[in-house]
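See below for the structure under consideration.
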Amino acid sequence: MQNELSGPRFEKQIERRDFLGLAAVWTFFGTIIAAIIGALKLPMPSVFPETDSRFPIGRPEEFPVGEAIHLSSRQLWVFSEENGIAAVSMVCTHLGCLVKRQDNDEFICPCHGAKFDSAGKVLSGPPPRGLAWLEITLGPDGRLIVDSEREVSAETRFKI
Amino acid sequence: MSYNATRQFFRNIRNLFRNFRESAIRHGRPTSDRARTQTVVQNFFLHIHPARTHTHTLKWSTTMGLGIMTTVLFLILAVTGILLMFYYKPSVETAYDSIKDIHYVVPTGRIIRNVHRLSAQGMVVLMILHMARVFYTGAYKSPREFNWVVGMLLLIITLGLSFTGYLLPWDQLAYWGVTIGSGIAGSPRDLTDALGITQYFDPGGLVREIMLGAHMVGQEALIRFYTLHVIVLPIALVVVLGVHFWRIRKDGGLARPVSADPPVFAEGVGPEDAPTKSFGLMAVVRERTPATDKEIENTVPSWPRVFRLEAILTMVALLIVVGLSLFIDAPLEEQAADPPVPLNPAKASWYFLALQELVSYSAFGGGMVIPGIIIVSLLLIPFLDREEDDVGIWFGGRQGRRITVLSVAYAVVVCVGVLAFTINFGWLRNWLPELTQKHVRATQIVIMLFNPGMVFVVASAIWSLGLLRLTNSTRMASVGLLTCALVFFIILTYFAAVHRGPNWVFYWSQADWPVIEH
């Protein structure tokens, strides 16, 4: 189609009518995409239903030196030794099943057979890393507090 | 005679039923081809069918009724699912008890629940068989490539429905099955962890949070899975299924071989031999009337033959699922979900067991990378194999049958060999314990990319490329590839179902399982 503006210099220029039409189309898609993005914000949780990641596990004297205590509701093993106290999470780092401590102090995950040594290091199986050692602090009321979201490096023991 | 409203009124009463029928159905009885056509075209519920159907489509060997049966099972699932919704309560306190009520108290509840569960399993089986049928008859080829892609979408939605339905009974099996499943969804974190970028970019954690609405499987996850299961995914399935059916019509009906439409002209006489004047054709055409520019119609009116077949398939499907549901109870663990005590072994539904076996080597490698490769390869098949000679022929003829058998043998040897190897010798960590302890991140990336599942993928690819070179046919290469994939899927499913016991350890049979105290 020829018009008075055609020619090498004006080739790229689009007509006002076309420009407005295209702008309308893009505005339509922009609106729809913005609406979808807005709606999809809703399923992303900002508040989590779980209880606080910090929880008290008891007074230090409840964990006498040389004992390993299983806190099944907290999914923890607490090891108390000469050089300090440590909390190891039982949540398998593979897919979130709970490992079980064997008689030889190793941990085995029932779901895919992962094996960890007594310090939580991976011996065999699919987990990407060892069991999580968690931070222990002393609360103001004299109870030990574990934070399940604060991981410390393996074999870290806390002197209380 | 003048118009008498009173008399007309009584006449209307007398003709009430006839007038009502004629207002609803505007055509006569289907005694002529024209009326049969109208029966299909003018009926809202039937008009998704073509007015006429090719005779090849109606043959048992063309489709074996697999697609129709899958659809019938979906309809059964929709009806029984709505019935179950009358009693099911999606909350962690009441879900398990309400399933127990449905099973033991609600009139016919047990049968309805069994039918729902068996239809779901049957739908997955038939869908896989339907996919195999479409593949082996070459029905994914041009112009039907896009409908193969739509079918893949249906496969994913159906598996999503199965997975979300698995959680709803809220028993131990459901809880741990979905814990593992959501772990797989979050497994990209293994990769980001190994690369040390999780704190900046964490797609695994994000997907898992959106899926569960929390960090653990709980009330939020239950209500999300319920919403997906009863509304979101069924609506998605119906829409995509509509597209799937619509495309069958737009793509020219079901795929059929060239031989299904025999030429109009007598043997040895082609149109190029015929005189150019039309009267000359009368001597050539093997029909009672001369038809120019027109092939013989190999179609019959869809009414009643198509509908008779569909009715038969519906009855067969109903008979099988209702019959089986009288004897096979849907499982319900004796315990409601008990987060501190994992089930041992915690197995997923059977169609996810192959995946679970792969995941037992690496969560991200087996649960994401390999399924991703399989889905992408399946999607690409119709675009990479565009040979159209043997469309509509099972296995593409004799050569294809032989290659299918060879591929089965090859895949069985590879799969059983690799499994036997891993049982006896373990995998990377067992060989180099010191080294893998020292380089945890590097080990993880290596295991992610180099695990038994990847061996299967590479073995299939090599086999397929070998066939490509040997037979000089992309069709044969794709037959080899899909056959390998199907065999691996079947063997891994069987292996995980039968030979994996507590702690995912290999046992020859369940009788050898040790007793586990919780």
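Below 8 Å between Cα atoms, with a sequence gap of 6+, how large is the relative contact order for chain B in percent? Kindly include the intermediate steps, with their values, before the conclusion.
Values: 550 pairs, mean separation 103.5, N = 518.
RCO, chain B: 20 percent.
Hey, got the Cα dimensions of segment A:11-69 along the principal axes, in Å, largest first?
Computed over segment A:11-69, the largest-to-smallest principal extents equal 86, 24, 13 Å.
Calculated FRET efficiency, B:PHE450 and B:PHE45, Cβ-Cβ r, R0 41 Å, to nearest 0.05? Don't jump to the answer; show the numbers that get you there.
Details: r = 54 Å, r/R0 = 1.31.
Efficiency, rounded to the nearest 0.05: 0.15.
Ranked highest first by the average count of other Cβ atoms within 10 Å around their residues, in what order do B:224-231, A:151-158 fall?
Working: B:224-231: 18.8, A:151-158: 14.1.
Order by mean packing, descending: B:224-231, A:151-158.
Mean residue ellipticity at 222 nm from the helices of chain A, using -39,500 (n - 2.57) per DSSP H segment of n ≥ 4 over the full residue count, to the nearest 500 deg cm²/dmol? Let's see the in-between values first.
Numbers: 1 runs with 25 residues, N = 160.
Result for chain A, helices only: -5500 deg cm²/dmol.
Starting from the 7 Å offset along Cα-to-Cβ, what nm value, one decimal, do you get for the label separation of B:PHE506 and A:ALA39?
Distance between the two pseudo-spin positions: 5.1 nm.
Let me have the relative contact order for chain A, percent, based on Cα pairs under 8 Å that are six or more residues apart.
19
Mind putting together the pair-distance distribution for segment B:381-422? All Cα pairs, 10 Å bins, whole percent per bin, short to long.
Pair shares across the bins are 24, 35, 26, 13, 1.
Can you list, largest first and rounded to whole Å, the semi-axes you get for segment A:41-160 by taking the square root of 5 times each eigenvalue of its Cα gyration tensor? Mind showing how you got there, number by number?
Working: eigenvalues 107, 96, 26 Å².
Whole-Å semi-axes of the equivalent ellipsoid: 23, 22, 11.
Going down the list A:LYS115/A:LYS159; A:LYS115/B:LYS100; B:LYS100/B:LYS347; A:LYS121/A:LYS159, which pairs span over 26 Å between their C-alpha atoms?
On the way: A:LYS115/A:LYS159 29 Å; A:LYS115/B:LYS100 36 Å; B:LYS100/B:LYS347 21 Å; A:LYS121/A:LYS159 22 Å.
Too far apart for the 26 Å limit: A:LYS115/A:LYS159; A:LYS115/B:LYS100.
Which percent of Cα-Cα pairs in segment B:187-229 sits in each 10 Å bin, short to long?
Once binned at 10 Å, the Cα pair distances of segment B:187-229 give 31, 40, 23, 6.
Relative to the compact-globule scaling 2.2 N^0.38 Å, provide the ratio for the alpha-carbon radius of gyration of segment B:395-518. If you can, show how the numbers build up before the last one.
Details: Rg = 18.2 Å, N = 124, 2.2 N^0.38 = 13.7 Å.
Dividing the Cα Rg of segment B:395-518 by 2.2 N^0.38 Å gives 1.32.
Each residue of segment B:36-43 in order: what ³J(HN,Hα) in whole Hz does its phi give by Karplus 6.51 cos²θ - 1.76 cosθ + 1.60, θ = phi - 60°, with x for Gly and Pro?
Here the 3J(HN,Hα) series is 5, 4, 5, 3, 7, 6, 8, 9 Hz.
At a Förster radius of 30 Å, what calculated FRET efficiency corresponds to the Cβ-Cβ distance of B:ILE210 and A:VAL25, to the nearest 0.05?
0.45
Averaging the inverse of every distinct alpha carbon separation and then flipping it gives the Kirkwood radius. What is it for the protein assembly as shown, in angstrom units? Mind dumping the intermediate values first?
Values: mean 1/r = 0.0333 Å⁻¹.
The answer is 30.1 Å.
Taking only DSSP H segments of four or more residues, each worth -39500 (n - 2.57), what value at 222 nm results for chain B once the sum is divided by all its residues, to the nearest 500 deg cm²/dmol? Please report the intermediate quantities before stating the final value.
On the way: 24 runs with 322 residues, N = 518.
Value at 222 nm, helices only, nearest 500: -20000 deg cm²/dmol.
Return the loop-located chymotrypsin sites (Phe, Trp or Tyr not before Pro) in segment B:12-97 (DSSP other than H, G, I, E, B) with at most 11 other Cβ atoms within 10 Å of their own Cβ; answer none if there are none. Write down the numbers at each step before the final one.
Working: sites: B:PHE17, B:PHE20, B:PHE44, B:PHE45, B:TRP60, B:PHE74, B:PHE86, B:TYR87, B:TYR88, B:TYR96; in loops: B:PHE44, B:PHE45, B:PHE86, B:TYR87, B:TYR88.
Answer in residue order: B:PHE44, B:PHE45, B:PHE86.
Using the alpha-carbon centroid of each, what span in Å lies between segment B:352-394 and segment B:443-463?
For segment B:352-394 versus segment B:443-463, the Cα centre distance is 14 Å.
Treating the beta-carbon of each Lys and Arg as +1 and of each Asp and Glu as -1, no other charges, what is the dipole magnitude of chain B about its Cα centre, to the nearest 20 debye?
On the way: 43 positive and 35 negative charges, 442 e Å.
Computed charge dipole of chain B: roughly 2120 debye.
Using a cut-off of 18 Å between alpha-carbon atoms, which aspartates and glutamates can reach B:LYS250, once sequence neighbours fewer than 8 places away in the same chain are excluded?
Filter leaves B:GLU145.
Once you sort the root eigenvalues of the Cα gyration tensor of segment B:45-158 as a ≥ b ≥ c, which label holds: rounded (a/c under 1.5), prolate (a/b larger than b/c) or oblate (the other case)?
Details: a/c = 2.90, a/b = 2.33, b/c = 1.24.
Taking the square roots of the gyration eigenvalues as a ≥ b ≥ c, segment B:45-158 is prolate.
Report D for chain B in µm² per second (integer): Stokes-Einstein, Kirkwood Rh on Cα pairs, 25 °C, 0.890 mPa s.
In µm²/s, the coefficient rounds to 91.
Considering every residue in A:86-98, what mean count of other chain Cβ atoms within 10 Å of its Cβ is obtained? Working shown, then result.
Working: counts 0, 0, 0, 0, 2, 2, 3, 5, 9, 16, 13, 8, 6.
Mean number of neighbouring Cβ atoms from other chains: 5.
Only the coordinates and a few stated rules stand behind these numbers; no lab work does. As the structure is a computational prediction, the values presented were derived from the model and not from experiment. Positions of Cβ are backbone-derived with ideal geometry, glycine not excepted, and every protein chain shown enters the neighbour counts.
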